[in-house]
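Student: Okay, here's the structure, questions in a sec.
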Amino acid sequence: MPAPDVLVRAEGLRKSYGSARRSVRVLDGVDLTLHRGEVLALLGPNGAGKTTTVRILATLLRPDGGTATVAGHDVVHDAARVRGLISLTGQYAAVDEKQSGRENLTMMGRLAHLPRRSARARVDSLLDAFDLAAAADRRVGTYSGGMRRRLDLAAGLLTRPQVMFLDEPTTGLDPRSRQTMWEVIRGVVADGTSLFLTTQYLEEADQLADRVALIDDGRVVAEGSPSDLKRRVGDASIELTFASVAEAASVGSAGAWPDTLGPTSLTLRVPTDGSVEHVRDVLAAVAATGVEPVRWEVREPTLDDVFLTLTGHAARTRDRDGVATATDHEETAA
């Protein structure tokens with residue numbers, strides 16, 4: 001029997017695409033749990049297996065091996081029961097642009113066979129909660145991207161699911177809309193829904209998730225709270241950037257600081273406990289060499305540092321808004 005607070009459990013999930021002669025293994029023994037009332041973020045590079053994992057857990061794809069349950073119900077053998085407990089929101093808002101926001105939600109309520117009176121009350125409540133009441137009777141085609149995503153989330157909550165799967169919930173949104181969506185997602189959790197999200201934004205996982213599972217090459221390589229994962233790569237550091245490699249090497253040698261960023265780097269990274277006293281001591285030691293850094297900063301470990309340490313490669317690029325992202329948008333599913 002599953003632990004009472006475990007809503008989603010995956011054990012040894014395996015999945016390959018292609019023919020017997022030429023197959024590609026996408027999942028290679030994935031183990032995951034989502035607890036009641038928490039947010040779990042699945043983070044990894046392109047092709048790591050994130051979307052395939054979500055599709056299996058949401059009963060849209062059968063695994064080749066392993067088991068998965070939602071609230072104790074097997075996703076393969078009791079798929080209909082599982083579907084009654086979950087909702088799934090993809091990267092793009094699945095809404096009818098010709099209808100109003102209210103009409104979209106009302107239609108979804110009918111499809112879910114909600115009683116008319118309770119459906120009307122639920123629609124009004126969600127429109128208000130997602131800050132869409134003022135635009136409720138406008139055509140969705142006039143909505144901004146952020147408004148459409150909020151409407152899509154509201155539709156997923158009509159039936160009060162125990163678990164909501166969010167696949168890249170803020171992809172394509174500008175930074176301000178992304179921040180708004182984060183607040184909306186926090187409200188969803190506060191209302192009692194547990195969230196399983198995949199995201200291309202490292203900051204998003206850091207901001208929203210109670211736990212983060214790092215997936216690479218079809219395997220979960222680490223799992224824990226963002227702070228616990230960051231502690232695996234050490235404390236904060238002082239990063240000092242110099243005008244030349246020679247200056248960086250000279251200061252590093254004088255301070256007996258290891259060349260952590262490579263022999264051709266302009267930057268030295270000095271471990272620190274973050275205290276004012278230690279930062280002052282390091283800067284004084286640098287000043288004593290007579291070499292002035294171009295800039296310096298105290299830098300906390302990031303989830304990308306964790307991913308790099310555990311896998312040997314980074315999990316991020318930068319999007320057009322300058323936001324750190326994992327290097328994928330969605331795996332191509334067969």
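Student: Determine the calculated [θ] at 222 nm for the chain from helices alone, applying -39500 (n - 2.57) to every DSSP H run no shorter than 4 residues and normalising by the residue count; nearest 500 deg cm²/dmol.
Tutor: Value at 222 nm, helices only, nearest 500: -10000 deg cm²/dmol.
Student: Taking only C-alpha pairs under 8 Å that are 6+ residues apart, what is the relative contact order of region 186-244 in percent?
Tutor: Details: 31 pairs, mean separation 11.3, N = 59.
In percent, rounded to a whole number, it is 19.
Student: Testing the spin-label approximation: label points 7 Å from Cα along Cα→Cβ at Arg62 and Glu38. State their distance in nm.
Tutor: 3.1
Student: As an exercise, use a Förster radius of 35 Å and the Cβ-Cβ distance of Leu308 and Glu97 to find the FRET efficiency, rounded to the nearest 0.05. Show your work: numbers first, answer last.
Tutor: Working: r = 42 Å, r/R0 = 1.19.
Given R0 = 35 Å and the Cβ-Cβ separation, E is 0.25.
Student: Now for a different question. Could you tell me which of Ser225, Ser250, Leu208 has its Cα farthest along the dipole of the chain towards the positive end, charges placed at Cβ (Lys, Arg +1; Asp, Glu -1), taken about the Cα centre?
Tutor: It is Leu208.
Student: Magnitude of the Cβ-charge dipole of region 154-226, K/R +1 and D/E -1, about the Cα centre, nearest 20 debye?
Tutor: 260
Student: Any chance you could run the full-extension gain for Gln179 through Ser125? It's 0.36 nm times the residue separation minus the Cα-Cα distance, nm to one decimal.
Tutor: Extra length available between Gln179 and Ser125 comes to 17.3 nm.
Student: Rg to Rh for region 113-237: what is it, with Cα atoms only and Rh by Kirkwood? Let's see the in-between values first.
Tutor: On the way: Rg = 17.0 Å, Rh = 16.3 Å.
Rg/Rh: 1.04.
Student: I'd like to know which of Val140, Thr51, Val188 lies farthest towards the positive end of the charge dipole of the chain, counting +1 on Cβ of Lys and Arg and -1 on Cβ of Asp and Glu.
Tutor: Ranked along the dipole, the leading option is Val140.
Student: What distance in nm lies between label points placed 7 Å from Cα along the C-beta direction at Arg160 and Asp78?
Tutor: Those two pseudo-labels are separated by 2.0 nm.
Student: Something else: Can you give me the relative contact order of the chain as a percent, contacts being Cα pairs under 8 Å and 6 or more apart?
Tutor: Result for the chain is 21 percent.
Student: Next question. Where does each of 286-296, 102-112, 164-174 land if you order them by average Cβ count within 10 Å, highest first? Could the numbers behind the result be given before it?
Tutor: Working: 286-296: 14.2, 102-112: 18.3, 164-174: 21.7.
For the peptides 286-296, 102-112, 164-174, the packing ranking is 164-174, 102-112, 286-296.
Student: Further question on the same structure: Give me the percent of DSSP beta bridges within the chain that run antiparallel, rounded to the nearest 5.
Tutor: 70
Student: Taking only Cα atoms, what is the 0 to 90° angle, nearest 10, from helix 101-111's long axis to the longest principal axis of the chain?
Tutor: 60
Every number in this text was worked out from the coordinates using simple rules, so none of it is lab data. Since we're looking at a predicted model, the values are computed, not measured. Glycine also receives a Cβ, built like all others from the backbone with ideal geometry; neighbour counts cover every protein chain displayed.
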